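Data block below; observations after.
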Amino acid sequence: MIDFEIIEKKDCMGCHACSNICPQSCISMESDSEGFWYPNVDNDKCIECGLCVKVCPVINKTTVNNEPKAYACFNNNEKIRLESSSGGIFTLIAEQIIDEGGVVFGAGFDYDFELIHSYVETKEELAKFRGSKYVQSKIGDVYHQVKEFLKKGRKVLFSGTPCQTAGLKSYLGQTYDNLLCIDIVCHGVPSPKVFNKYIDYRESSVSSTTRRIAFRLKDEGWKRYSVSFIFNNDTEYLQTFRQDLYMRAFLKDVCLRPSCYACEFKSLHRQSDLTLADFWGIQNILPEMDDDKGTSLIFVNSDSGHSILDKIKDKIIYKEVDINQAVKYNSTAIKSASYNSKRDKFFADLDSMPFDQLVNKYCSDRMGVVIKRKGKSLIYRLLKKIGLLRIIKGVYKY
């Protein structure tokens, strides 16, 4: 038996590197009460090789020394751009890899809407990886599959969160010239259990199963995106992200994995070759590249990243920007999510409360409104007491 007990859950991000590396297949990834995966060791099979400890990217941190460049860009193909979460750049890079005989790994929904990592070898299949999915994906044995393709000399594009990329690099244990890694500016990963509860809630409200889920429809523009469910009874749920129950819980940081509140991989110095994100704040930096159809922010972190970007440059509109200025409006690139003090109570009530009541209870802004109203009332009384209220009213009268 090896010393592989997870003492604090914040120290494990569920990257699956340990389960992929185990030569005895004695490590399984099992869900806890919150729905997050953690390693479970079958001590009867364990040969105490220690590979699981050596491969953990949290225990064995990698220092990256690079000088990333930042670009604002979007795809010239407006159809692909509108189908993508931001500027449609991932599709172009993935198509380039496939044109060169490679394979593309990414996260997509299966038939039961579990988000899993898998690979595709044709451009037609890339649609399953396109667009944001706000839930933690399951890696499974994908790292092993990546290694097998690399050993055969195939080009491989792996896309995932920064921690999943770190897990892959640690698992591989060496550099491969035929590997390209793309990570994202990640806010944090919500619980798959919470996501399943939300799907159940939506399906019960229309008495139908789900056919398609989209988190980032641009029907009202890129900045005011909508969540959409299309059901098998041909009905649709459509709501802007600020009003959608699941997105409210996600953006309130009430349902994220414990490791996301102290992320070890938030940095401008990343192990990936490219980092993709929405370019929030583009209207303040390059307003000429903001038409509210989606603009991507790209960090180019390596020579391989520069090389692939150069290959697609004729298919994109792009301009270099100051990386520090870009991060000013996209601070999640370097800052972890703030811990929500209501998180534990949210999960404690997850199994017993209807989803809408749960979110309204723990993700409401009503207290903030009350405080704001009380603050205004105090200011009003103070101005009246010192005689300034009459003067102010006089000024506004004229």
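The values are calculated or read from the model by the stated rules, or taken from the named source; none is laboratory data. The structure presented is a predicted model; accordingly, all values stated were derived computationally and were not measured. Ideal geometry is used to build each Cβ from the backbone, glycine not excepted, and the neighbour counts take in all protein chains shown. Ligands, DNA and RNA are excluded from the accessible area calculation, which covers all protein heavy atoms including side chains. Shrake-Rupley method; radii C 1.70, N 1.55, O 1.52, S 1.80 Å.
In loop segments of region 1-99 as defined by DSSP, the trypsin sites (Lys or Arg not before Pro) with at most 16 further C-beta atoms inside 10 Å of their C-beta are Lys45, Lys61.
Per residue, the convex hull spanned by the Cα atoms of region 82-234 measures out at 121 cubic angstrom. Surface calculation, 1.4 Å probe, protein heavy atoms: Thr209 sits at approximately 80 Å² accessible.
The heavy atoms of Glu121 offer some 80 square angstrom of accessible surface to a 1.4 angstrom probe.
Which loop chymotrypsin sites (Phe, Trp or Tyr not before Pro) in region 307-345, with loop taken from DSSP, have no more than 16 other Cβ atoms within 10 angstrom of their Cβ? Walk me through the intermediate numbers first.
On the way: sites: Tyr318, Tyr329, Tyr339; in loops: Tyr329, Tyr339.
Passing both the DSSP loop test and the Cβ count: Tyr329, Tyr339.
Excluding Lys293 itself, what net charge comes from residues whose Cβ is under 13 Å from its Cβ, given Lys and Arg +1 and Asp and Glu -1?
Working: positive: Lys79, Arg81, Arg216, Lys218, Lys223, Arg224; negative: Glu78, Glu83, Asp219, Glu220, Asp278, Asp290, Asp291, Asp292.
Around Lys293, the surrounding residues sum to -2.
Would you please classify the overall shape of region 72-133 from the alpha carbon gyration tensor, given that a ≥ b ≥ c denote the square roots of the eigenvalues, rounded means a/c under 1.5, and beyond that prolate means a/b larger than b/c while oblate covers the rest? It would help to have the intermediate numbers written out before the result.
On the way: a/c = 2.26, a/b = 1.22, b/c = 1.86.
The shape class here is oblate.
Near Lys79, which lysines are there with a Cα under 24 Å away, not counting those fewer than 8 places off in the same chain? Candidates past the 8-residue exclusion: Lys123, Lys128, Lys133, Lys218, Lys223, Lys293, Lys311, Lys313, Lys315, Lys319.
Against the empirical 2.2 N^0.38 Å scaling, what ratio does the C-alpha Rg of region 212-359 come to? Could the numbers behind the result be given before it?
On the way: Rg = 18.5 Å, N = 148, 2.2 N^0.38 = 14.7 Å.
Dividing the Cα Rg of region 212-359 by 2.2 N^0.38 Å gives 1.26.
Could you work out how much longer the chain between Ser331 and Gln243 gets when fully extended? Use 0.36 nm per residue separation minus the Cα distance between them, nm to one decimal.
Numbers: separation 88, 0.36 × 88 = 31.68 nm, distance 2.33 nm.
Difference between extended and current length: 29.3 nm.
Find the relative contact order for region 1-109 and round it to a whole percent, using C-alpha pairs within less than 8 Å whose residues are 6+ positions apart. List each step's numbers first, then the result.
Numbers: 93 pairs, mean separation 19.7, N = 109.
Reported relative contact order: 18 percent.
To the nearest 10, the accessible area of Glu236 is 100 Å² with a 1.4 Å probe.
Here the accessible area is traced with a 1.4 Å probe on the protein chains. For region 1-100, carbon and sulfur cover 46 percent of it. Dimensions of region 17-106 from C-alpha coordinates, computed as largest minus smallest value along each principal axis and given longest first, are 56, 33, 33 Å. Cross-link reach is defined here as a Cα-Cα straight distance under 17 Å, omitting same-chain residues fewer than 8 places apart; for Lys69 the aspartates and glutamates meeting it are Asp183, Asp273, Asp278, Asp303, Asp310, Glu320, Asp322.
Angle of helix 388-397 to the longest C-alpha principal axis of the chain, folded into 0 to 90 degrees and rounded to 10: 90°. Under 18 Å from a label point set 7 Å out along the Cα-to-Cβ vector of Lys313, the amide N atoms of region 267-289 belong to 274-275.
For the chain, the C-alpha radius of gyration divided by 2.2 N^0.38 Å, with N the number of residues, is 1.09.
Tell me the trypsin sites (Lys or Arg not before Pro) within region 108-210 that lie in a loop according to DSSP and have at most 11 other beta-carbon atoms within 10 Å.
Numbers: sites: Lys123, Lys128, Arg130, Lys133, Lys138, Lys147, Lys151, Lys152, Arg154, Lys155, Lys169, Lys193, Lys197, Arg202; in loops: Arg130, Lys133, Lys152, Arg154, Lys155.
Within region 108-210, the qualifying trypsin sites (Lys or Arg not before Pro) (loop, at most 11 other Cβ atoms within 10 Å) are Lys152.
Which net charge results when you count Lys and Arg as +1 and Asp and Glu as -1 among the other residues whose beta-carbon is under 14 Å from that of Cys260? Intermediate results must be reported in sequence, preceding the final value.
On the way: positive: Lys9, Lys10, Lys252, Arg257, Lys266, Lys335, Arg343; negative: Glu8, Asp11, Glu34, Asp253, Glu264.
Once positives and negatives cancel, what remains is +2.
For region 1-88, the residue among Thr63, Cys15, Cys52 whose Cα projects farthest onto the positive side of the dipole built from Cβ charges is Thr63. Over the chain, dividing the summed -39,500 (n - 2.57) contributions of all DSSP H runs of at least 4 residues by the number of residues returns a 222 nm mean residue ellipticity of -9500 deg cm²/dmol. Could you work out the local net charge near Lys133, counting Lys and Arg as +1, Asp and Glu as -1, over the other residues with Cβ closer than 13 Å to its Cβ? Summing Lys/Arg as +1 and Asp/Glu as -1 gives +3. Given a Förster distance of 30 angstrom, what is the FRET efficiency for Asn40 paired with Leu251, based on the Cβ-Cβ distance and rounded to 0.05? Between Asn40 and Leu251 the formula returns 0.45. Across region 265-329 the C-alpha pair distances fall into 5 Å bins from zero in the proportions 4, 15, 27, 25, 18, 10, 1 percent.
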